[in-house]
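*Asks:* The following block contains the structure, expressed as structure tokens.
The values are calculated or read from the model by the stated rules, or taken from the named source; none is laboratory data. Model, not experiment: these values are computed from the prediction. Ideal geometry is used to build each Cβ from the backbone, glycine not excepted, and the neighbour counts take in all protein chains shown.
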Amino acid sequence: MIKAPLALLILLCVSVFSCSPKESQNELLKEKVIQVHDEVMPKIGELKASQKKLNEMAGNLEQSEDAKDTEKAAELKAVAADCEHAYDEMFVWMRQFDVDLEEMSEEQAKSYLEEQLEKVDKVKKDILEALEKSEALL
């Protein structure tokens with residue numbers, strides 16, 4: 001008696017999963033683009049905080065007449081600029097990213113999403129590098 005309900009349950013599961021729509025390659029690619037964004041977006045606040053600290057430290061060192069302090073101030077300012085650039089890149093990318101792909105053919109959407117993945121990967125790389133550099137100096 002237990003075998004019949006079990007068989008019906010298995011049959012039901014198979015029919016439900018076989019009838020559900022499969023995600024297209026473009027949907028998976030879009031999810032990957034968004035996943036990369038979601039991975040680094042929370043680091044934006046840390047990036048801005050690091051930039052502020054680096055600029056403050058550089059400002060304090062610039063008042064010194066010691067050549068080593070002046071050199072260190074320039075290094076701090078350069079990394080602060082990297083932080084600002086990475087921050088700006090994220091928001092530039094977000095403004096131009098179009099999640100509505102309805103007007104595009106499958107091939108156009110694929111090409112667009114591959115390009116966007118490349119762009120957001122660069123943003124991620126730049127953010128992580130700027131944070132790494134700033135952590136080394138702070």
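*Asks:* So, in the stretch 118-136, of the ones that are surrounded by 17 or more Cβ atoms within 10 Å (Cβ to Cβ) and of a type outside the set (Lys, Arg), which residue ends up farthest from the chain's Cα centre (by Cα)?
*Replies:* Top of the filtered list is Ser134.
*Asks:* Have a look at Asp126, Asp121 and point out the one that is of a type in the set (Asp, Glu), touching an Asp or Glu at 6+ places or on another chain (Cβ under 7 Å) and on the phi < 0 side of the Ramachandran plot.
*Replies:* Answer to the selection: Asp126.
*Asks:* Then there's this: Does Lys119 satisfy being at pLDDT below 95, part of a helix (DSSP H, G or I) and of a type in the set (Lys, Arg)?
*Replies:* No; evaluated as a whole, the condition is false for this residue.
*Asks:* Tell me whether the stretch 112-127 contains one or more residues that are over 28 Å from Lys32 (Cβ atoms) and of a type in the set (S, T, N, Q).
*Replies:* no
*Asks:* Right, another one. Residue under question is Glu107, and the condition is that it be more than 19 Å from the chain's Cα centre (by Cα) and in a helix (DSSP H, G or I); does it hold?
*Replies:* So Glu107 passes the test.
*Asks:* May I pose another question? Among what's in the stretch 24-78 and is without any contact (Cβ under 8 Å) to a residue 60 or more places away in the chain and either polar (S, T, N, Q) or outside any helix (DSSP H, G or I) (or both), pick the residue that is surrounded by the fewest Cβ atoms within 10 Å (Cβ to Cβ).
*Replies:* Going through the qualifying residues, I end up with Glu65.
*Asks:* If you don't mind, another one. If you check Lys122, Lys133, Lys110, Lys72, which single one turns out to be touching a Phe, Trp or Tyr at 6+ places or on another chain (Cβ under 9 Å) and not hydrophobic (A, V, I, L, M, F, W, C)?
*Replies:* Lys122
*Asks:* Among the charged types (D, E, K, R) and part of a helix (DSSP H, G or I), is that true of Asp100?
*Replies:* Taking the combined requirement at face value, the residue does not satisfy it.
*Asks:* Can I ask one more? Name the residues in the stretch 53-64 that are closer than 15 Å to Ala136 by Cα and not small (Gly, Ala, Ser), would you?
*Replies:* Result: Lys53, Leu54, Asn55, Met57.
*Asks:* Now for a different question. Suppose we filter the stretch 78-114 for residues that are under 16 Å from Asp126 (Cβ atoms) and of a type in the set (Gly, Ala, Ser); how many remain?
*Replies:* Residues meeting the conditions: 4.
*Asks:* Something else: Which pairs turn up if I take residues in the stretch 116-132 that are under 14 Å from His85 (Cβ atoms) and look for partners that are of a type in the set (Asp, Glu) with beta carbon separation below 6 Å, at least 6 apart in sequence or on another chain?
*Replies:* Listed pairs, sorted by first residue: Val123/Glu89; Asp126/Glu89; Ala130/Asp82.
*Asks:* Just checking, does the stretch 79-95 include any residue being in contact with a Leu (Cβ under 6 Å, 6 or more places away or on another chain), closer than 17 Å to Leu138 by Cβ, part of a helix (DSSP H, G or I) and not hydrophobic (A, V, I, L, M, F, W, C)?
*Replies:* Yes: the stretch 79-95 contains one or more residues that are in contact with a Leu (Cβ under 6 Å, 6 or more places away or on another chain), closer than 17 Å to Leu138 by Cβ, part of a helix (DSSP H, G or I) and not hydrophobic (A, V, I, L, M, F, W, C).
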